[in-house]
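One structure below.
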Amino acid sequence: MLNWKSTVAAATLALGLAPAAWAATEIELYFPVPVEGKLASEMKSLMERFNAEHPEIVVTPVYTGNYDETAIKTRAAMKAGNPPAAVIMSANFVLEYQINNEIEPLDPLIEAEGMTPDSYIGQFWPALHRNAAFAGHVWAAPFHNSTPLLYINADHFRAAGLNPDAPPATWAELVDAAKKLTVTDGTNTTRYGFMLPGGYDYLGWIMSALAMSNGGEYFNPYYGGEVYYDTPSMQGAVQFVDDLVHVHKVMPEGVTEGKAVSTAFFAGQASMVTLSTGSLSFIRENMKDDYRVAFMPRNLRNAVPIGGASLMMPKGLSDEEKAASWTLITWLTSPEISGHWSRFTGYFAPNKAAYDLPEMKDFLTQNPDAQVAIDQLAFAQPWFATYNTVAVRKALEDEVQAVLSGNKTAAEAVKAAQATADEILAPYVAQTAFKLQD
Amino acid sequence: MKAEARWLAAAVLSLVALIWSTPLLWMMIAAFRPQNFGGLDMASLLPDFAPTLANFAEALDSAEFARLYLNTIVVCTGVLVVQLATVTLAGFAFARLRFPGQGAVFVLFLVQLMIVPPVLIVPNLITVTRLGLYDTLIAAMLPYMGSAFGVFLMRQTFRTIPRDFEEAALVEGAGWGQIIWRVLLPLARPGMLAFSIVSVTTHWNEFLWPLMVISNPDNQTLTIGLATFTRGAESASQWGVIAAGTFLVAAPLLVAFVLFQRQFVNSFLFSGVK
């Protein structure tokens with residue numbers, strides 16, 4: 001109730017003051033809510049603060065559903081001639097907007113501030129660069145980012161005779177620990193040693209983490225027409241998941257959605273889970289048992305993809321709108337705001353300077369679990385981004401789900417996934433790698 | 001033998017009714033259950049806890065419910081009022097008037113039923129923007145102001161009314177407007193009521209189109225308001241809050257159903273809609 005009144009108050013104030021001196025530029029920011037909690041209301045109060053600090057701009061934060069719905073709404077609004085000034089978009093969708101020529105490169109705005117594109121993107125953690133700056137330009141500003149983490153229930157570890165301060169670091173140790181942590185009652189498993197989210201989007205992300213930990217790359221980070229599904233690194237990763245379910249029986253058969261995984265972790269029905277950094281604050285606030293956070297276990301190397309979202313600027317804006325949008329983007333990615341949002345959500349702050357601020361240092365001392373996510377950044381890789389990213393990702397997810405349900409072997413699955421993905425990528429490949437470019 | 005068969009039928013039907021109402025029952029119970037992040041009793045249908053209103057407090061605090069209710073009521077009423085005018089007139093035309101190409105036009109109308117609404121998002125959005133209505137409640141209503149289903153339903157309803165009534169009115173000197181208003185509409189009330197129920201529930205629950213066309217938080221409808229605090233993808237479900245929020249969204253329709261149950265059931269029986 002308070003929020004509504006303060007919005008009205010702010011709006012009246014803005015309306016009352018603005019026309020006298022100048023006409024404020026009115027812009028919209030589209031934002032999805034990717035994690036639980038009061039993110040939508042926090043975004044609202046953040047925008048109230050921005051509007052108060054920038055009387056020449058009035059930003060309306062527009063909630064736009066999940067990442068997919070945000071993409072639909074953004075495209076539809078652009079086609080209708082009403083592009084939002086800025087969109088918080090899944091970091092790996094940016095490539096497609098660039099391929100379709102739907103977003104503005106940020107270079108001119110960066111140069112107008114006396115920075116070079118390189119020095120601008122250099123403010124952010126290196127792992128984030130490739131999803132934001134490619135094809136010779138900067139296309140997006142990282143806003144909040146994540147990597148997959150291993151969350152473990154420390155109470156379960158101690159009860160099973162394991163040391164919670166030395167969580168599994170390799171796949172072999174993971175299998176070992178998961179076997180000890182799994183509790184069965186006759187033929188019925190009452191507690192699983194390990195769970196991973198098997199729903200769309202999340203599964204593809206976790207599989208790319210496993211393939212990368214197995215020495216693979218999942219996709220070609222330099223060219224959007226190639227994915228590496230039918231490869232030993234991916235087949236080994238799928239085989240590993242298959243064995244966890246059907247050989248070691250430490251993971252439930254079938255598809256467990258991300259929400260069910262975290263619910264099971266809270267309820268003590270799963271001892272280890274892989275979830276996003278973005279869930280960290282929520283878990284910290286709600287987990288009753290003692291827990292620890294660790295790196296994703298490796299097989300051949302430590303490697304995880306980044307996740308999260310970036311700010312991008314659709315085409316079709318006036319010069320005033322572009323300037324206002326740039327002010328907003330710069331403000332949202334500044335060390336102070338970036339750090340504030342990071343502490344609120346659990347996502348790590350993409351701006352490295354956020355970690356030099358005293359409030360962030362205090363926070364990390366009090367919450368060492370957040371430090372793990374930062375340390376893992378040294379091993380982070382770009383997030384898969386291809387032509388038609390969602391369909392290409394789904395090609396793999398459908399096959400891995402079949403493996404999880406016991407309907408396919410790993411070898412069959414990766415072969416089928418590759419065939420489907422190649423078919424989806426074919427039109428783009430025909431226009432790019434198979435064609436001489438002007 | 002006969003009595004046994006009746007008991008059996010009653011038992012089977014009760015079972016079906018129970019299965020159908022399970023999600024609803026669970027929602028009502030979960031809304032009052034203290035938050036426990038899916039402990040083993042989460043799925044239980046038995047209220048084995050001290051009821052709490054904390055979930056409702058959190059849900060009410062997470063969205064501007066008064067405004068969301070108002071917007072949704074405005075959209076549903078607006079759509080319904082215009083629809084009732086358009087579908088009764090069009091239904092009358094197809095049921096009673098003779099004009100060239102009648103069959104073809106009617107088939108064209110029915111073809112609309114086969115178009116999946118999301119296909120029309122972009123064209124509709126462009127139209128709405130050109131009319132200068134983007135981000136208004138009218139835009140949320142506009143695409144639904146005609147209804148192929150409604151026209152079909154009203155045509156069928158009018159056809160079940162014997163022509164004798166109209167002829168009698170004609171003899172008395174009534175025009176076609178008076179015939180519709182004084183003779184046909186009163187007789188077609190069950191059909192209109194059935195259509196109204198379908199229309200109101202559809203638009204009350206609609207999500208995608210309002211999400212596309214409305215940007216200003218002050219113009220949002222209930223479904224979008226509910227989604228803002230219940231649809232995080234990367235985290236655990238706060239089932240209690242989700243259930244409480246869903247309860248708040250569904251409650252007006254549930255209350256309306258309980259109050260007008262008899263009329264609703266009768267109108268569906270009469271109009272043959274199931």
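The values are calculated or read from the model by the stated rules, or taken from the named source; none is laboratory data. As the structure is a computational prediction, the values presented were derived from the model and not from experiment. Here Cβ is always computed from backbone atoms with ideal geometry, including for glycine, and neighbour counts include all displayed protein chains.
Okay, here's what the table says:
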quantity	calculated
Some residue of segment A:70-78 being in contact with a Gly (Cβ under 9 Å, 6 or more places away or on another chain) and either more than 10 Å from chain B (Cβ to nearest Cβ) or surrounded by fewer than 23 Cβ atoms within 10 Å (Cβ to Cβ) (or both)	yes
Selection status of A:ASN188, at pLDDT below 95, surrounded by 23 or more Cβ atoms within 10 Å (Cβ to Cβ) and farther than 26 Å from A:ASP422 by Cβ	no
Segments classed as helices (runs of 4 or more DSSP H), wholly inside segment A:363-438, with at least 1 members that are closer than 28 Å to A:GLU102 by Cβ	A:389-404, A:410-431
Within segment A:117-141, tally of residues that are over 11 Å from A:LEU106 (Cα atoms) and part of a helix (DSSP H, G or I)	8
Tally, over segment A:79-93, of residues that are out of contact with any strand residue (DSSP E or B) (no Cβ under 6 Å at 6 or more places or on another chain) and buried (at least 23 other Cβ atoms within 10 Å of the Cβ)	2
Looking only at segment B:118-133, and only at residues there that are within 7 Å of chain A (Cβ to nearest Cβ) and without any contact (Cβ under 8 Å) to a residue 12 or more places away in the chain, the one that is nearest to A:ASP68 (Cα to Cα)	B:VAL122
Candidates A:ALA385, A:ALA370, A:ALA421, filtered to the one that is in contact (Cβ under 8 Å) with a residue 40 or more places away in the chain, closer than 18 Å to A:PRO221 by Cβ, surrounded by 16 or more Cβ atoms within 10 Å (Cβ to Cβ) and within 17 Å of the chain's Cα centre (by Cα)	A:ALA385
Residue match in segment A:185-204 (condition: in contact with a Gly (Cβ under 6 Å, 6 or more places away or on another chain), without any contact (Cβ under 8 Å) to a residue 60 or more places away in the chain, closer than 30 Å to A:ASN66 by Cβ and not aromatic (Phe, Trp, Tyr))	yes
Residue among B:PHE264, B:PHE229, B:PHE268 that alone is assigned to a helix (DSSP H, G or I), at pLDDT below 80 and facing another protein chain (nearest Cβ under 9 Å)	B:PHE229
Residue within segment A:214-234 that is closer than 22 Å to A:ALA373 by Cβ, within 14 Å of chain B (Cβ to nearest Cβ), under 21 Å from the mean Cα position of the chain (by Cα) and touching a residue at least 60 places away in the same chain (Cβ under 8 Å) present	no
Helices (runs of 4 or more DSSP H) (entirely within segment B:37-153) containing at least 2 residues that are of a type in the set (Asp, Glu) and more than 16 Å from the chain's Cα centre (by Cα)	B:54-62
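A quick yes/no check of all residues on (1) touching a residue at least 40 places away in the same chain (Cβ under 8 Å); (2) under 26 Å from B:GLY103 (Cα atoms); (3) buried (at least 16 other Cβ atoms within 10 Å of the Cβ):
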| residue | (1), (2), (3) |
| --- | --- |
| B:LEU153 | yes, yes, yes |
| B:ASP164 | no, yes, no |
| B:ILE180 | yes, yes, yes |
| B:VAL200 | yes, no, yes |
